[in-house]
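As structure tokens, the structure follows; a few thoughts come after it.
The values are calculated or read from the model by the stated rules, or taken from the named source; none is laboratory data. Treat the numbers as computed from the prediction; the structure is a model and nothing was measured. Here the Cβ positions follow ideal geometry from the backbone for every residue, glycine too, while neighbour counts run over all protein chains shown. Side chains included, ligands, DNA and RNA excluded: accessible areas come from the protein's heavy atoms. Shrake-Rupley method; radii C 1.70, N 1.55, O 1.52, S 1.80 Å.
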Amino acid sequence: MATSFELDPEAALAGATRLAALADELASSAARVHGTVIDPFLTGPGAPERRDLVADRLGRYTAELAELAADVCRGADAARAHESRLVAGARQLESRLSTLPPGRR
């Protein structure tokens with residue numbers, strides 16, 4: 001079942017800004033995790049590998065989130081451009097209709 005919705009460009013851009021901020025936070029977290037010094041004698045075997053795995057996952061999530069934010073921005077820009085074309089088309093149609101004789105409107 002297809003769902004139809006209307007995109008509010010301003011709300012989408014605000015959401016994209018929040019997503020980009022979250023991506024920045026994730027990137028910082030990934031760097032902190034990756035930079036954490038682990039003593040394998042105190043934490044047990046495999047701890048550095050698990051740390052690197054977590055940092056790698058955070059990095060991938062960061063990239064996906066940044067890509068999503070960019071997609072939202074592109075969608076908002078497209079919606080804004082479409083809305084501008086619709087308004088221009090409506091004005092043009094209204095202008096043409098106003099030049100018709102009253103019986104042909």
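Kindly indicate whether ALA11 is surrounded by fewer than 13 Cβ atoms within 10 Å (Cβ to Cβ) and within 16 Å of the chain's Cα centre (by Cα). Against the criterion (surrounded by fewer than 13 Cβ atoms within 10 Å (Cβ to Cβ) and within 16 Å of the chain's Cα centre (by Cα)), ALA11 qualifies. Of the residues screened, LEU86 is one that is in a helix (DSSP H, G or I) and either within 21 Å of LEU13 (Cα to Cα) or touching a residue at least 60 places away in the same chain (Cβ under 8 Å) (or both). Among residues of region 17-46 that are closer than 30 Å to GLY75 by Cβ, those with a Cβ under 6 angstrom from a residue that is open to solvent by 100 Å² or more (accessible area, probe 1.4 Å), sequence gap 6+ or separate chain, pair up as LEU26/TYR61. All conditions but one from (1) without any contact (Cβ under 8 Å) to a residue 12 or more places away in the chain; (2) of a type outside the set (Ser, Thr, Tyr); (3) open to solvent by less than 70 Å² (accessible area, probe 1.4 Å) apply to PRO102; the one that does not is (3). Considering only residues in region 28-79 that are open to solvent by 90 Å² or more (accessible area, probe 1.4 Å) and under 22 Å from GLY15 (Cα atoms), the one that is farthest from the chain's Cα centre (by Cα) turns out to be ARG60.
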